[in-house]
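The structure appears below as structure tokens.
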Amino acid sequence: MNRQELQERFIPFSGLRYTTEAFIDYAIEECSPKYNYALIGPGVSQNPNQPVSLREPHGFQLGGVSMPHGKTNPPHMHFTCEIFMCFRGEWRLMWGFNPEEKHTVIGEGDVVSVPTWIYRAFRNVGVDDGFLFSGLGRDDTGGILWGPWTIAKAREAGVYLSEDYRMIDTRHGNPLPSDVRLLEPMTPEDIAALEDWSPERMLGRVVRHADLCWSAEALLDSVLPGHGAEMAPAVGLGMHQGRAAIPPVANAHGMSIEWLRIPPGGQVGRHQLMHKQVLVLKQGQLLIKIEADDGAFEQYLSANANAWDSYAMPAQHWHSLHNTGSEPALVLVLTAGDEKKTIQWCPELVAQAAAAGWAIDANGCTAPKYFVDRAQR
């Protein structure tokens, strides 16, 4: 890509646009207002006018949601993974048909993978401007199914959902067309047949930020002076090169999610991947350097307590990441694909790592070069 094309992949938080009418629950007092954002792909929004920052398919989709304290996103179901990444506030995550019976509370930095084919809901129990990023698996998510309560309450308010998922708002004097076929909710028998997730089982899919397993051997260049990045896996097989890396949530999602922490003055050196990535800066300052078709491209990302810039990294582009701030740069890394990702490091870094006694073994993991060399004699 050229520099202009790379510039268009920067998603500043200050430039995000939202809709409060993405779904039929906008007509329900307990659920409104809800601010729905679409960063990568349109997600499952039922509003054709949903603003989208970048529509290019990535193999997954990234959105965001914010709503005032006490407001609820009501029970709904997805056919691909839904991952909540809490960046501000506290949220009560509920699941099952009666979500009040099973729940947990997540806070800043927590990541939750909600299984497919179960109802889930969430409520803001923290500050008014709490914020959740949400990841959806695959380019085609299969849409969304609302629970019977949501469909009934929206109809009471005059908002209907057709079988082809068009929202019809009759509150402004527009009659419901006589030929429209309304979407019928799942029956009690359908709902009873869904899998039941116990609280103990569901908590195995909650990755608390306080419990992350950080590794200083996660990247080949981590051992080099002026580099020093650490990584912690959360969901799926990512780019982590440590031998002991085991993701807390390991089943296929269509993407992986990892935390990357770069010390002040540190960097992740020149490398490239065959997969697309999205970088969401949670804390600090980050400079991304990318080799474009028409020269060098640089993009600064910044983050504070209320705003977090993102960048959609294209595949097969040489790039590096630099912490230009005075505190650790904390980055949420979403990478397309379920397989283990292979990093291609530039020859200069491979040589520097070798001089420091570090190499990549045959399994793609960091290891002492002495033992790797001995095995190849």
- Message: What are the ³J(HN,Hα) couplings of the stretch 227-241, residue after residue, when phi is run through the Karplus curve with 6.51, -1.76, 1.60 and θ = phi - 60°? Round to Hz, x for glycine and proline.
- Response: 10, x, 6, 10, 9, 9, x, 10, 9, x, 8, x, 9, 4, 9
- Task: Could you pull out every one of the lysines with an alpha carbon less than 25 Å from that of residue 71, ignoring same-chain neighbours closer than 8 positions?
- Result: 34, 102, 153, 282
- What angle, in degrees between 0 and 90 and rounded to the nearest 10, separates the Cα long axis of helix 148-157 from the longest principal axis of the Cα atoms of the chain? 60
- Message: Give me, ordered by chain and number, the residues 5 or more places off residue 39 or on other chains with an amide H under 5 Å from its own placed amide H.
- Response: 53, 62, 63, 64
- Cα-based equivalent ellipsoid of the stretch 8-105: semi-axis lengths in Å, sorted from largest, via gyration tensor: 23, 15, 14
- Message: So for the stretch 126-259, considering every pair of alpha-carbon atoms, how many percent are separated by more than 19 Å?
- Response: 70
- Query: What order, most packed first, do the peptides 155-165, 32-42 have when packing is the mean number of other Cβ atoms within 10 Å of each residue?
  - Reply: 32-42, 155-165
- Query: Can you pull the semi-axes for the stretch 259-377, root of five times each eigenvalue of the Cα gyration tensor, sorted largest first, whole Å?
  - Reply: 28, 16, 15
- Query: Quick one: length gained pulling residue 163 to residue 184 fully straight, 0.36 nm per residue minus the C-alpha distance?
  - Reply: 6.8 nm
- Rank 58, 69 by accessible area, highest first, at a 1.4 Å probe radius? 69, 58
- Item | Span per principal axis, largest first, for the Cα atoms of the stretch 295-360 (Å) | 41, 32, 27
- Query: residue 356 to residue 69: extension gain in nm, 0.36 nm per residue of separation minus the Cα-Cα distance?
  - Reply: 98.1 nm
- Task: Report in % the part of the accessible area of the stretch 181-328 that belongs to carbon and sulfur, leaving out ligands and nucleic acids; probe 1.4 Å.
- Result: 52
- Message: What Kirkwood Rh does the chain have if only Cα atoms enter the pairwise 1/r average? Answer in Å.
- Response: 21.9
- In a Gaussian network model of the chain with springs linking alpha carbons closer than 10 Å, the residue among 96, 238, 142 that fluctuates most is 142
- Message: Can you compute 3J(HN,Hα) from phi for each residue in the stretch 2-18, using the Karplus curve 6.51 cos²θ - 1.76 cosθ + 1.60 with θ = phi - 60°, rounded to whole Hz and x for Gly and Pro?
- Response: 8, 5, 5, 5, 5, 4, 5, 8, 7, 10, x, 4, 5, x, 5, 10, 9
- Item | Extension gain (nm, one decimal) between residue 296 and residue 315, 0.36 nm per residue minus Cα-Cα | 5.2 nm
- Relative contact order (%) - criterion: Cα under 8 Å, at least six apart; region: the stretch 1-88: 27
- Name the long-range amide H neighbours of residue 292: under 5 Å, sequence gap of 5 or more, or other chain; modelled H, no Pro or chain starts. 297
- Item | Order by protection proxy (mean Cβ within 10 Å, highest first), peptides 206-214, 70-78 | 70-78, 206-214
- Residues whose modelled amide H sits under 5 Å from the amide H of residue 19, counting only those 5 or more places away in sequence or on another chain, are 36
- Query: Setting aside same-chain residues fewer than 8 positions from residue 276, which lysines have a Cα under 29 Å from its Cα?
  - Reply: 289, 340, 341
- Item | Most positive-pole-ward Cα, 249, 362, 317, against dipole of the chain from beta carbon charges | 362
- Note on the structure: Once normalised by the length of the stretch 104-205, the mean sequence separation of its alpha carbon contacts under 8 Å that are 6 or more apart gives a contact order in percent of 29
- Message: On the principal axes of its Cα set, how long, how wide and how thick is the stretch 43-163? Give whole Å, largest value first.
- Response: 37, 34, 25
- Note on the structure: Output ordering of 249-259, 16-26 (per-residue mean of other Cβ within 10 Å, highest first) is 249-259, 16-26
- Accessible area per residue, Å², the chain with all protein chains present, probe 1.4 Å: 43
- Task: Considering Cα pairs under 8 angstrom that are at least six residues apart, work out the relative contact order of the chain and quote it in whole percent.
- Result: 15
- Top positive-direction residue, dipole computed over the stretch 148-231 with Cβ charges, set 175, 215, 160: 175
- Query: Each residue of the stretch 302-311 in turn: what ³J(HN,Hα) in whole Hz from Karplus with 6.51, -1.76, 1.60 and θ = phi - 60°, glycine and Pro shown as x?
  - Reply: 9, 9, 9, 5, 10, 8, 9, 6, 10, 9
- What translational diffusion coefficient, in µm²/s and rounded to a whole number, does the Stokes-Einstein relation yield for the stretch 323-377 at 20 °C and a viscosity of 1.002 mPa s, taking the hydrodynamic radius as the Kirkwood radius over Cα pairs? 155
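The values are calculated or read from the model by the stated rules, or taken from the named source; none is laboratory data. The model shown is predicted, which means the values in this text are computed figures rather than measured ones. Quick reminder, even Gly has a Cβ in these numbers, built from the backbone with ideal geometry, and neighbours come from all protein chains shown. Quick note on the areas: whole protein, heavy atoms, side chains included, nothing else; ligands and nucleic acids left out. Shrake-Rupley method; radii C 1.70, N 1.55, O 1.52, S 1.80 Å.
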